[in-house]
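See structure below.
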Amino acid sequence: VQPPEKPLQAEEWNRLRESFQSPEVFEEVMLNSMVKCNSPIDVAKSLLTHVAKSNGDIEYKLLVKYLLLCVQQRQTSEILDVHDIMKGRFKILENGAYSLIIRGLSNSDQWRMALTVLEEVKKIMIPSRIHYESCIKAASRHQEMNLAFELYHEMLAKDLVPTLDILQAFFDFSRGMKGAELQKELFDILLYLRENQLYPHKTFMWSIKLWFESIPERNWRGHLTNIKESGQCPVCNRQLEDSSLTEEEYNNLREKIIRDVIHGTDTFRKTSPQEFEAFKKFVENRLPFDIVIDGLNVSHMNTRKMQCENLFNAVNYLAKKNTRLLVLGRKHMLINSSNWKREIVEEMQNKADFFFAENISEDDAFLLYATLRSGKHCKFVTRDFLRDHKACLSDSLTRHLFRKWQRGRQIAFSPSAEGKHIHFSPALRYDCVVQTTGDTWHIPYKDIFEEKYSYQVPRKWLCIQQK
């Protein structure tokens, strides 16, 4: 539907409605179209006036669509009016309407009204991340950093996970501002990135660099760099933290994973206790392994090749230098098929130990068990992030150790651009996570924005030191 360019009279709206294929949804479709075409507010208003006169009131969903148009055009007084109408007519509004009202007010000179609406939301539900982030951005834009951080802490206390976008906003809006308290808050955000293994993208990294360099009388300087294989930073010559765990940390982690994750409730959802017992026996008789491979995961890596060929290439590559390999396979790999050629599978079995699980088994637990039983040196190959298992760990220290162990022991892989080879990224000797010594900060960053957690650690770093 093409919306009219100017307000219409009642009979004109009626004529349009009658000529429409499904008159019962005419108003809804028309308002959607107005949002899309960013029609003038008075045109939308004339439609709502017509609806109110014809039906005696306006449906909730039509008001929300009108509200969206007002927010789009920053029509602050209209947003306030619609909010009043909705509050008067409906006891409770849903999340979407509140998000629109808060967003609309946050972007206006009436931004403090958004805080009032946020208080209203708190009385009936837990506000969403969007509600908080709109208010935080508004406070930051007006240099009210204390208020912004107060809202941020409230949000964290409600277990809402901030977007990288809002974390970046704190650095952008605090540039050049004085105050030890403010500095501590921003350092805490960097430690939050460390704690949650989050990697800023390039624009966020620049915001961090510019903020450091803008701190009055502190003389911070940032440089982009690549860390040497030894873990030394070429800019400041500092040694980065080691990626390996101490004996005590490792034993602690191993015990907890075997107890909470492997013998916990989540292992046997897709595998039988008998199969897992058989696997344990198999592993104990052949320990220790150097690398444990998630065979199914690797076999799907390059869709242009046969699955057994992908796995064969990986086993060949990793079996050099007398490395002891364990491949976790599936029973269907033993049946000669277009994807699994018997002679290739047999040739692989000469180079690695294979355990073939039932076709529906969950193999993360197998992977973790074999790797952890083999000892601190053992690495594993998968593209999975193992997030489900991290969630089963009971306390934050164990989760932190699990992530650190994973960063230092997971070999990531990807097909090369032309698809001919497999590119393996070896596990690093240094820990790829935000770190500080007080007068230096090292921040790993990614080239592109990724909201999701990633098992692939970045290879680029920002080194910031105090001169």
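Give the angle, between 0 and 90 degrees and rounded to the nearest 10, that separates the Cα long axis of helix 41-55 from the longest principal axis of the Cα atoms of the chain.
70 degrees
Just grab the label-to-label distance for Arg286 and Leu182, each label 7 Å out from Cα along the Cβ direction, in nm (one decimal).
6.0 nm
Take the alpha carbon gyration tensor of region 247-404, find the square roots of its eigenvalues, order them as a ≥ b ≥ c, and report rounded if a/c is under 1.5; if not, report prolate when a/b exceeds b/c, else oblate. Please report the intermediate quantities before stating the final value.
Values: a/c = 1.85, a/b = 1.60, b/c = 1.15.
Taking the square roots of the gyration eigenvalues as a ≥ b ≥ c, region 247-404 is prolate.
What's the FRET efficiency of Arg141 with Lys420 using the Cβ-Cβ distance as r and R₀ = 56 Å, to the nearest 0.05? Display every interim value, and only then the final one.
Values: r = 50 Å, r/R0 = 0.90.
Once rounded, the FRET efficiency stands at 0.65.
So if each residue of separation counts as 0.36 nm, and I subtract the Cα-Cα distance between Asp109 and Arg74, what length gain in nm does that give? Can you show the working numbers first?
Details: separation 35, 0.36 × 35 = 12.60 nm, distance 1.02 nm.
Length gained between Asp109 and Arg74: 11.6 nm.
State which entries of Lys320/Lys379; Lys228/Lys460; Lys331/Lys376; Lys91/Lys123; Lys6/Lys61; Lys321/Lys379 exceed 18 angstrom in Cα-Cα distance in the structure shown. The partial results should precede the final answer.
On the way: Lys320/Lys379 15 Å; Lys228/Lys460 11 Å; Lys331/Lys376 29 Å; Lys91/Lys123 12 Å; Lys6/Lys61 23 Å; Lys321/Lys379 15 Å.
Exceeds cut-off: Lys331/Lys376; Lys6/Lys61.
Could you compute the net charge surrounding Ile443? Neighbours are other residues with a C-beta less than 10 Å from the C-beta of Ile443; K and R count +1, D and E count -1. Don't jump to the answer; show the numbers that get you there.
Details: positive: Arg194, Lys209, Lys460; negative: none.
In short, +3.
Could you tell me what percent of the DSSP beta bridges with both partners in the chain are antiparallel, to the nearest 5? Write out the running numbers ahead of the final one.
Working: 20 of 35 bridges.
Once the DSSP bridges in the chain are tallied, antiparallel ones form about 55 percent.
Taking a 1.4 Å probe, which of Thr323, Thr271 shows the most accessible area, and what order do the others take after it?
On the way: Thr323 30, Thr271 10 Å².
Reading off the accessible areas and sorting them downward yields Thr323, Thr271.
To the nearest 500 deg cm²/dmol, what mean residue ellipticity at 222 nm is calculated for the chain from DSSP H runs of n ≥ 4 alone, each contributing -39,500 (n - 2.57), summed and divided by the residues? Write out the running numbers ahead of the final one.
Numbers: 20 runs with 233 residues, N = 467.
One gets -15500 deg cm²/dmol as the mean residue ellipticity at 222 nm.
In units of 2.2 N^0.38 Å, what is the alpha-carbon radius of gyration of region 1-91?
Numbers: Rg = 12.6 Å, N = 91, 2.2 N^0.38 = 12.2 Å.
Cα-based Rg divided by the globular estimate yields 1.03.
Normalised by the residues of the chain, what does the relative contact order come to in percent, with Cα pairs under 8 Å and at least six apart? Before the final figure, lay out the partial values.
Values: 650 pairs, mean separation 67.5, N = 467.
Once normalised by length, the contact order is 14 percent.
How high is the relative contact order of region 1-91? Use alpha-carbon pairs under 8 Å, at least six apart in sequence, and give a whole percent.
Values: 69 pairs, mean separation 27.8, N = 91.
31 percent.
What area, in nm² and to one decimal, does the C-alpha convex hull of the chain cast on average over all directions?
Across all orientations, the chain yields a mean hull projection of 29.6 nm².
Under 15 Å between alpha carbons, and skipping anything fewer than 8 positions from Lys281 in its own chain: which aspartates and glutamates qualify?
Asp353
In the neighborhood of Asp109, defined by Cβ-to-Cβ distances under 13 Å, what is the net charge if each Lys or Arg adds +1 and each Asp or Glu adds -1? Mind showing how you got there, number by number?
Values: positive: Arg74, Arg112, Arg141; negative: none.
Within the 13 Å Cβ shell, the charges total +3.
Which aspartates and glutamates does Lys351 reach when only Cα atoms under 17 Å apart count, and residues fewer than 8 places away in its own chain are ignored?
List returned: Asp290, Asp294, Glu309, Glu343.
Return the Rg/Rh ratio of region 190-238 with Cα-based radii and a Kirkwood Rh.
Details: Rg = 12.6 Å, Rh = 12.6 Å.
My calculation puts Rg/Rh at 1.00.
Treating the angle as unsigned and between 0 and 90°, give the value, to the nearest 10°, between the Cα long axis of helix 111-124 and the longest Cα principal axis of the chain.
The answer is roughly 70 degrees.
Compare the peptides 96-106, 171-181, 38-48 by average per-residue count of other Cβ atoms within 10 angstrom and give them in order, highest first. It would help to have the intermediate numbers written out before the result.
Values: 96-106: 23.5, 171-181: 14.5, 38-48: 17.7.
Ranked by mean Cβ neighbours within 10 Å, highest first: 96-106, 38-48, 171-181.
Where the centre of each part is set by its Cα atoms, how far does region 358-374 sit from region 1-34, in angstrom?
60 Å
Send over a whole-number figure in Å² for the accessible area per residue of region 1-111, probe 1.4 Å. Write out the running numbers ahead of the final one.
Working: 6040 Å² over 111 residues.
Computed with neighbouring chains in place, this is 54 Å² per residue.
The values are calculated or read from the model by the stated rules, or taken from the named source; none is laboratory data. Here the structure is a predicted model, which means the values were calculated and not measured. So basically every Cβ, Gly included, is an ideal-geometry build from the backbone, and we count neighbours across all protein chains shown. We work out accessible area using only protein heavy atoms, side chains counted, and drop any ligands, DNA or RNA first. Shrake-Rupley method; radii C 1.70, N 1.55, O 1.52, S 1.80 Å.
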